[in-house]
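What follows is calculated from the coordinates using simple rules that are stated; it is not laboratory data. This is a predicted model, so every value here is computed, not measured. All Cβ positions, even for glycine, are placed from backbone atoms using ideal geometry, and neighbour counts span all protein chains on display.
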Amino acid sequence: MKTEQFITAFHIEDLEPNEALENYCKEKNLQDVKEHHTSFFEENQEQLAKLLVPAVKDFWKEVGIMHGYTAFRLKHIWIQHYNEGHSHRVHIHSPLKNEWSFVYYVDCDENSAETVFYNFGYPYIDHNHYKVKPKKGRCVIFPGALPHEAMPNIDDQRLVISGNVAFDK
Ligand SMILES: [Fe+2]
């Protein structure tokens, strides 16, 4: 596990790329979501969770323990596909301290857009930012209140699973 001390801690783990997960995500018909400038799928979250959670649970548990929690609950999970020119502008997922969010990179190439994380309070205070480059199997988990965005994408391959987790004491 690589831990970055940037404004707040967040965590990046490069997991073994998972073929079953990749095939599942690729066979879905994603709906174009205009405000996200991306394609989005969130039906059958249970099936998607069944495929993702075994791959990430040790990593997420370790993160929870580092922050004083004993368990996590997956609250929401979805797939996003980025064609050329797609982006997902700056947003947060949750203001609550125990609610964290994740991005798992299912597929990408060297031109896939980076995820950029900003300091809390951005864009009112622009202090610093941190870029995560997509890599197959890479998972980043971060406080849900941390502003972030997917920059405009250059390829048509960028495929991610994203969602929210609640940690319990
Ligand atoms: Fe997000």
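Restricting to the range 125-169, count the residues that are among the polar types (S, T, N, Q) and within 16 Å of the ligand (Cβ to nearest atom).
So the count comes out to 3.
Kindly provide the set of residues from the range 43-100 that are in a loop (DSSP other than H, G, I, E, B) and among the polar types (S, T, N, Q), ordered by number.
Within the range 43-100, N44, T70, N83, S87, S94, N98 meet the criteria.
For the range 111-133, which residues satisfy the criterion of being in a loop (DSSP other than H, G, I, E, B) and either in contact (Cβ under 8 Å) with a residue 60 or more places away in the chain or touching an Asp or Glu at 6+ places or on another chain (Cβ under 7 Å) (or both)?
N111, S112, N119, F120, H127, N128, K133, listed by residue number.
Tally time: how many residues in the range 52-76 are touching a helix residue (DSSP H, G or I) at 6+ places or on another chain (Cβ under 8 Å) and surrounded by 17 or more Cβ atoms within 10 Å (Cβ to Cβ)?
Residues in the range 52-76 being touching a helix residue (DSSP H, G or I) at 6+ places or on another chain (Cβ under 8 Å) and surrounded by 17 or more Cβ atoms within 10 Å (Cβ to Cβ): 4 in total.
Pairs under 9 Å by beta carbon, first residue within 12 Å of Y24 (Cβ to Cβ) in the range 39-51, partner exposed (fewer than 15 other Cβ atoms within 10 Å of the Cβ) and small (G, A, S), six or more apart or different chains?
From the range 39-51, the pairs are L51/A20.
If you scan the range 122-149, which residues turn out to be surrounded by 20 or more Cβ atoms within 10 Å (Cβ to Cβ) and in contact with a helix residue (DSSP H, G or I) (Cβ under 9 Å, 6 or more places away or on another chain)?
Across the range 122-149, the qualifying residues are C139, I141.
Would you point out the residue of the range 134-161, among those that are within 19 Å of G85 (Cβ to Cβ) and not in a strand (DSSP E or B), that is nearest to the chain's Cα centre (by Cα)?
P134
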